[in-house]
Amino acid sequence: MTRRGWALFLAMGLIWGVPYAMIRIAVEDFDPVVVAFARTLLGALVLLPIALYTNALAPVFRRWRPLLLYTVAEIVGPWFFIGYAETTLHSSTVGLLIAATPLIAVVLVTKLGHDRFDRRRLTGLLIGFAGVATLVGLDIDLSSPAALGAIALTTIGYAVGPIVINRSLADLPPLGVVTASLIIAAVVYAPFAALRRPTSYPADATLSVLGLALICTAAAFLLFFALISEVGPARATVITYINPAVAIVLGVAALGEPLTAGMAIGFPLVILGSILGTARSREKPEEALCTTPAAPEAAVQLPER
């Protein structure tokens, strides 16, 4: 890998591990739907001129049905649910729970008949889910099931999004898909955000929202496209396994969140399970309809958080 490739890779691993801490700060003063609306609106405004200049947007809206499904699964639902969950859960815990997304994706595509389990993959799934169970059992107050439900829906959405991309949107410009999705999400959020608009704008929360929109959304997507071009899709997707580590470090170091026994045990299990569980099956179906979302071809299309 070139120096430029390493620089982009490290930048992406950091940038997409940061949102959990920023969301945690923002939702202390702003309603989660306001945070999600501001992030999508500002991100769309930054990316829109580039998408229009490169003519990446027009062909995307012609497939509005799968685009709408993708937007709901990948942005509208998850970005609100994460904000809601972080009103009660630590950002590091949320980041680690979401690291189980590739495991959900493997189960979904296997059930759809697009892939199959082998012994290594099954072992990875068992290890990964054991890590999630350890984290939940040791760290999370189960008296607030709504937060857990929100993260569960988020992981399902993040797993479904790439499947929609692979089956219906894979031949479209990625920048166009991302920009159109942000525009649609902002429109969906707008009336709810208007009802819950803040009466004041504390500096920390405001800066966190700006960081989410400008750095973790607009700049992140542009860097991710550059990373794919530089190092290829297979290496680019490895950032999936770095993001939770960044979320944990920032949560502990910047927000004073505890480094718990659940994290110490659950983190390596989730990451190891995700790596094993998303590895390509040695025995592929003869007539696969698409690749596994966690595999390189699909994960290229997955705009992480």
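The values are calculated or read from the model by the stated rules, or taken from the named source; none is laboratory data. Computed from a prediction, not measured in an experiment: that's the story for all the values here. Note: ideal-geometry Cβ built from the backbone for every residue, glycine included; neighbour counts use all protein chains shown. We work out accessible area using only protein heavy atoms, side chains counted, and drop any ligands, DNA or RNA first. Shrake-Rupley method; radii C 1.70, N 1.55, O 1.52, S 1.80 Å.
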Next on the checklist: Please state the shape class of region 8-143: rounded when a/c is under 1.5, otherwise prolate if a/b exceeds b/c and oblate if not, all from the C-alpha gyration tensor.
Outcome noted: oblate
Item to check | CD proxy at 222 nm, helix term only [per DSSP H run n ≥ 4: -39500 (n - 2.57); per residue of the chain; nearest 500] | outcome: -21000 deg cm²/dmol
Checklist outcome for this item: When the chain is treated as a Gaussian network with springs between alpha carbons less than 10 Å apart, the largest mean-square fluctuation among Gly113, Gly95, Gly124 is found at Gly113
Item to check | Spin-label model distance (nm) - Arg62 vs Leu45, 7 Å beyond Cα toward Cβ | outcome: 3.1
Next on the checklist: Taking the solvent-accessible surface of protein heavy atoms with a 1.4 Å probe, what is the per residue accessible area of the chain in Å²?
Outcome noted: 44
Checklist entry - Hey, in the GNM for the chain with a 10 angstrom Cα cutoff, which one of Ala185, Ala21, Ala58 fluctuates hardest? => result Ala58
Next on the checklist: At 1.4 Å probe size, with the rest of the protein present, what percent of the exposed accessible area of region 3-278 is carbon and sulfur atoms?
Outcome noted: 70
Item to check | Relative packing of 192-201, 97-106, which averages over residues the other C-beta atoms within 10 Å, highest first | outcome: 97-106, 192-201
